[in-house]
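Engineer: Supplied in structure tokens, the structure appears directly below.
The values are calculated or read from the model by the stated rules, or taken from the named source; none is laboratory data. Please read all numbers here as calculations on a predicted model, not as lab measurements. Note that we place each Cβ from the backbone using ideal geometry, even for glycine, and neighbour counts take in every protein chain shown.
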């Protein structure tokens with residue numbers, strides 16, 4: 001048995017917190033590493049000890065294998081758990097751990113090396129007899145050869161980073177005319193994300209399911225699978241919803257996919273946790289996609305249907321134990337669904353968002369689980385991935401799990417920055433998803449380029465006005481000298497009325513709020529009068545009735561004018577324009593293009609004096625490990641360049657100014 005008493009987790013966020021939880025339950029001391037940007041992060045607070053390893057950018061901290069390994073030695077760590085992402089699939093780091101006599105909680109170096117390169121992995125799988133998608137995975141990486149290979153395969157094709165994952169360095173190409181640009185963008189993104197610009201080209205399987213098999217192996221030659229996960233619901237090739245079992249799985253198909261996954265693992269002498277990913281077409285044929293040589297983001301859905309702790313299995317295998325169960329002993333029961341809660345704006349092309357989290361709240365109910373890397377008061381940094389938590393539910397049936405997850409999300413709140421909570425609820429309520437018919441094309445088919453943001457409801461305006469009124473009343477009561485609270489609702493002419501003004505669809509809507517007695521109000525919008533009763537109100541939670549409908553909600557006020565709301569139906573940020581000075585809050589418009597988030601300007605593609613058309617690419621900004629094209633909002637002439645290539649910019653910085661073309 002190998003010694004494993006102190007574990008350094010070479011990661012951050014929810015996965016670091018998740019690993020620490022199991023390690024501590026096993027009596028293992030935990031050490032966190034953190035960047036300067038993560039000095040008070042959740043994983044730092046959860047660890048027994050924590051060590052700063054560098055500045056915020058990943059290249060200065062979480063990707064510094066030398067610093068992490070030196071920290072492990074200095075702190076007396078017996079083992080390193082890499083989580084996922086960062087160094088988790090870095091064969092060099094695994095080798096350095098082995099050279100230092102420190103256990104690497106992951107597979108053998110050869111397995112990481114082979115499976116970490118999509119081209120090598122595909123060649124190995126073809127040799128092992130695992131079904132693969134037709135494609136090109138050879139060494140010639142010239143634009144000419146990649147382009148000709150794609151044409152030989154036939155449109156549409158997938159262009160993929162050989163060393164990549166998470167949708168980075170990946171492009172779906174439908175037209176031959178788009179090939180060269182897509183290949184160049186994929187190479188650039190792959191080089192920046194993974195340090196390698198190598199690509200593979202594959203025939204695009206249209207409307208498949210993305211189904212993966214969880215495998216586990218020990219060092220004694222035992223290999224098992226723990227069923228499948230359906231990860232078909234994706235945006236930008238990144239998973240949004242995962243579930244187990246797959247809605248269309250049969251016993252025969254599971255056995256065949258499980259056998260192929262075990263064969264893939266055995267082909268590289270695998271040890272530990274791994275996931276073999278397949279594309280499943282509409283005829284029931286499946287094709288090897290890739291193998292992730294680490295714990296997956298979505299591993300909790302497998303834990304929920306197997307009642308097993310996969311991190312515990314990892315740690316036991318790492319210290320030399322035999323697998324806890326045989327294939328025959330592994331049972332799948334019930335259904336689990338997981339959604340990824342992202343700090344991003346679904347209504348602005350899923351643009352990542354950064355900034356403070358004023359409130360993060362989730363219900364504590366049976367069958368509902370949250371693995372989070374943030375808490376209220378934390379902040380989302382521009383340096384890292386935009387996922388802040390995984391929210392999941394378990395039920396006896398798929399419908400039980402779906403309904404439980406919807407309810408849990410409706411009772412949750414992430415306030416302070418744009419996020420996809422409402423979008424997730426809408427996804428789960430879509431009829432195709434409810435029927436188990438979602439494929440990888442699901443989001444695009446339902447929403448097009450991006451979902452349409454719902455208009456603010458009158459109920460939300462009424463609730464905002466009522467809560468802002470009560471907050472102001474509370475402040476007045478706290479600073480008054482002996483005035484009875486009930487008198488704060490009165491004026492010399494009778495019951496007091498207050499006017500709140502909110503911008504809705506570029507028009508101002510006035511809400512006239514009038515007290516009707518203790519905790520009762522009328523709220524008039526145009527000719528409509530709403531009856532409001534405040535049943536309870538604490539610092540961040542309230543229950544009201546609006547026209548007799550009970551509305552529990554979370555809220556937070558960031559200043560006198562701004563209130564954030566999360567009801568079961570909607571998350572809103574509403575600003576009472578009536579208390580703002582003239583001109584406040586007006587945004588730069590016309591042809592002024594500002595940075596939508598903190599990030600690195602990878603390129604500026606225009607010069608002063610250039611004539612551009614609406615939609616032309618002006619620059620490329622890298623943030624949260626993804627590249628985002630900045631395009632012209634209007635036709636015109638470039639008059640100002642505010643940023644330069646390889647410059648860090650902050651959200652709101654002016655990048656380019658365009659003088660509109662004369663009409």
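Engineer: Would you call residue 141 assigned by TED's automatic domain parsing to the domain that holds residue 176 and either surrounded by fewer than 21 Cβ atoms within 10 Å (Cβ to Cβ) or not in a helix (DSSP H, G or I) (or both)?
Structural biologist: Taking the combined requirement at face value, the residue satisfies it.
Engineer: May I pose another question? Identify the residue in the stretch 413-443 that is without any contact (Cβ under 8 Å) to a residue 24 or more places away in the chain and in a helix (DSSP H, G or I) and, among all such residues, is farthest from residue 249 (Cα to Cα).
Structural biologist: 425
Engineer: Looking only at the stretch 1-31, how many residues end up being within 23 Å of residue 342 (Cα to Cα) and buried (at least 21 other Cβ atoms within 10 Å of the Cβ)?
Structural biologist: 12
Engineer: Still on this model: Say whether the condition of being in contact with a helix residue (DSSP H, G or I) (Cβ under 9 Å, 6 or more places away or on another chain), buried (at least 22 other Cβ atoms within 10 Å of the Cβ) and not in a strand (DSSP E or B) is met by at least one residue in the stretch 336-349.
Structural biologist: Within the stretch 336-349 (the criterion being in contact with a helix residue (DSSP H, G or I) (Cβ under 9 Å, 6 or more places away or on another chain), buried (at least 22 other Cβ atoms within 10 Å of the Cβ) and not in a strand (DSSP E or B)), the answer is yes, since at least one residue qualifies.
Engineer: Scan the stretch 380-394 for residues that are touching a strand residue (DSSP E or B) at 6+ places or on another chain (Cβ under 8 Å) and more than 16 Å from residue 370 (Cβ to Cβ) and report the count.
Structural biologist: Of the residues in the stretch 380-394, 4 are touching a strand residue (DSSP E or B) at 6+ places or on another chain (Cβ under 8 Å) and more than 16 Å from residue 370 (Cβ to Cβ).
Engineer: Exactly one of these conditions fails for residue 191: (1) out of contact with any helix residue (DSSP H, G or I) (no Cβ under 9 Å at 6 or more places or on another chain); (2) crowded, with 18+ Cβ neighbours inside 10 Å. Give me its number.
Structural biologist: (2)
Engineer: A further question on this structure: Looking at 371, 385, 422 in this structure, which one is in the same structural domain as residue 247 (by TED's automatic domain parsing), modelled with pLDDT under 95 and either surrounded by 23 or more Cβ atoms within 10 Å (Cβ to Cβ) or within 15 Å of the chain's Cα centre (by Cα) (or both)?
Structural biologist: Going through 371, 385, 422 in turn, the sole match is 385.
Engineer: Which ones in the stretch 282-294 are assigned to a loop (DSSP other than H, G, I, E, B) and touching a helix residue (DSSP H, G or I) at 6+ places or on another chain (Cβ under 9 Å)?
Structural biologist: 284, 293, 294
Engineer: How many of the residues making up the stretch 231-251 are within 23 Å of residue 388 (Cβ to Cβ) and either at pLDDT 95 or above or in a strand (DSSP E or B) (or both)?
Structural biologist: 12
Engineer: While we're here: Out of the stretch 508-520, which residues are in contact with a helix residue (DSSP H, G or I) (Cβ under 6 Å, 6 or more places away or on another chain) and either within 10 Å of residue 462 (Cβ to Cβ) or not in a strand (DSSP E or B) (or both)?
Structural biologist: 511, 513
Engineer: Among the strands (runs of 3 or more DSSP E) contained in the stretch 1-105, which hold 3 or more residues that are within 30 Å of residue 600 (Cβ to Cβ) and either free of Cβ contacts under 8 Å to residues at least 40 places away in the same chain or touching a helix residue (DSSP H, G or I) at 6+ places or on another chain (Cβ under 8 Å) (or both)?
Structural biologist: Fully inside the stretch 1-105 and qualifying: 29-35, 49-54.
Engineer: For the stretch 263-281, does any single residue satisfy the condition of being part of a helix (DSSP H, G or I) and within 22 Å of the chain's Cα centre (by Cα)?
Structural biologist: No.
Engineer: Still on this structure, I have one more. On the given criteria, is residue 549 at pLDDT 90 or above, assigned by TED's automatic domain parsing to the domain that holds residue 523 and crowded, with 20+ Cβ neighbours inside 10 Å?
Structural biologist: When the stated conditions are applied, residue 549 does not pass them.
Engineer: Here's another thing I want to ask about it. Scan the stretch 55-82 residue by residue and report those that are under 21 Å from residue 623 (Cβ atoms) and either crowded, with 22+ Cβ neighbours inside 10 Å or more than 24 Å from the chain's Cα centre (by Cα) (or both).
Structural biologist: 61, 62
Engineer: Any idea which of 503, 459, 531 is assigned to a helix (DSSP H, G or I), farther than 27 Å from residue 377 by Cα, modelled with pLDDT of 90 or more and in contact with a strand residue (DSSP E or B) (Cβ under 8 Å, 6 or more places away or on another chain)?
Structural biologist: Of 503, 459, 531, the one residue that is assigned to a helix (DSSP H, G or I), farther than 27 Å from residue 377 by Cα, modelled with pLDDT of 90 or more and in contact with a strand residue (DSSP E or B) (Cβ under 8 Å, 6 or more places away or on another chain) is 459.
Engineer: Which condition from (1) assigned to a loop (DSSP other than H, G, I, E, B); (2) surrounded by 17 or more Cβ atoms within 10 Å (Cβ to Cβ) is the one that residue 113 breaks?
Structural biologist: (1)
Engineer: Can we say residue 413 is under 26 Å from residue 21 (Cβ atoms), surrounded by fewer than 18 Cβ atoms within 10 Å (Cβ to Cβ) and touching a helix residue (DSSP H, G or I) at 6+ places or on another chain (Cβ under 9 Å)?
Structural biologist: So residue 413 does not fit the description; no.
Engineer: Which one is nearest to the chain's Cα centre (by Cα) among residues in the stretch 145-191 that are touching a residue at least 60 places away in the same chain (Cβ under 8 Å) and in a helix (DSSP H, G or I)?
Structural biologist: 189
Engineer: Taking only pairs six or more apart or across chains, which ones have beta-carbon atoms under 7 Å, a first residue in the stretch 217-241 that is in the same structural domain as residue 171 (by TED's automatic domain parsing) and over 28 Å from residue 205 (Cβ atoms), and a second residue that is modelled with pLDDT under 95 and surrounded by fewer than 24 Cβ atoms within 10 Å (Cβ to Cβ)?
Structural biologist: Partner pairs satisfying both residue conditions: none exist.
Engineer: OK, next. State whether the residues of the stretch 402-410 include one that is in a strand (DSSP E or B), under 18 Å from the mean Cα position of the chain (by Cα) and crowded, with 21+ Cβ neighbours inside 10 Å.
Structural biologist: No, that holds for no residue.
Engineer: Given (1) in a helix (DSSP H, G or I); (2) at pLDDT 95 or above; (3) surrounded by 15 or more Cβ atoms within 10 Å (Cβ to Cβ); (4) out of contact with any helix residue (DSSP H, G or I) (no Cβ under 6 Å at 6 or more places or on another chain), where does residue 472 come up short, assuming only one miss?
Structural biologist: Against the list (1) in a helix (DSSP H, G or I); (2) at pLDDT 95 or above; (3) surrounded by 15 or more Cβ atoms within 10 Å (Cβ to Cβ); (4) out of contact with any helix residue (DSSP H, G or I) (no Cβ under 6 Å at 6 or more places or on another chain), residue 472 comes up short only on (2).
Engineer: Here is a check on your reading of the model: is residue 197 without any contact (Cβ under 8 Å) to a residue 12 or more places away in the chain and either surrounded by 20 or more Cβ atoms within 10 Å (Cβ to Cβ) or outside the structural domain of residue 90 (by TED's automatic domain parsing) (or both)?
Structural biologist: no
Engineer: Looking only at the stretch 120-131, count every residue that is touching a strand residue (DSSP E or B) at 6+ places or on another chain (Cβ under 7 Å) and either surrounded by fewer than 20 Cβ atoms within 10 Å (Cβ to Cβ) or free of Cβ contacts under 8 Å to residues at least 12 places away in the same chain (or both) and tell me the total.
Structural biologist: 2
Engineer: While we're on this one: Identify, by number, the condition in (1) part of a loop (DSSP other than H, G, I, E, B); (2) in contact with a strand residue (DSSP E or B) (Cβ under 8 Å, 6 or more places away or on another chain); (3) more than 15 Å from residue 217 (Cα to Cα) that residue 325 doesn't meet.
Structural biologist: Residue 325 satisfies every listed condition except (3).
Engineer: Right, here's the next one. Only residues that are outside any loop (DSSP other than H, G, I, E, B) and over 27 Å from the mean Cα position of the chain (by Cα): list them for the stretch 306-322, please.
Structural biologist: 316, 317, 318
Engineer: Checking residue 403 against (1) in contact (Cβ under 8 Å) with a residue 12 or more places away in the chain; (2) over 30 Å from residue 622 (Cβ atoms): exactly one of these is not met. Which one?
Structural biologist: It is condition (1) that residue 403 fails.
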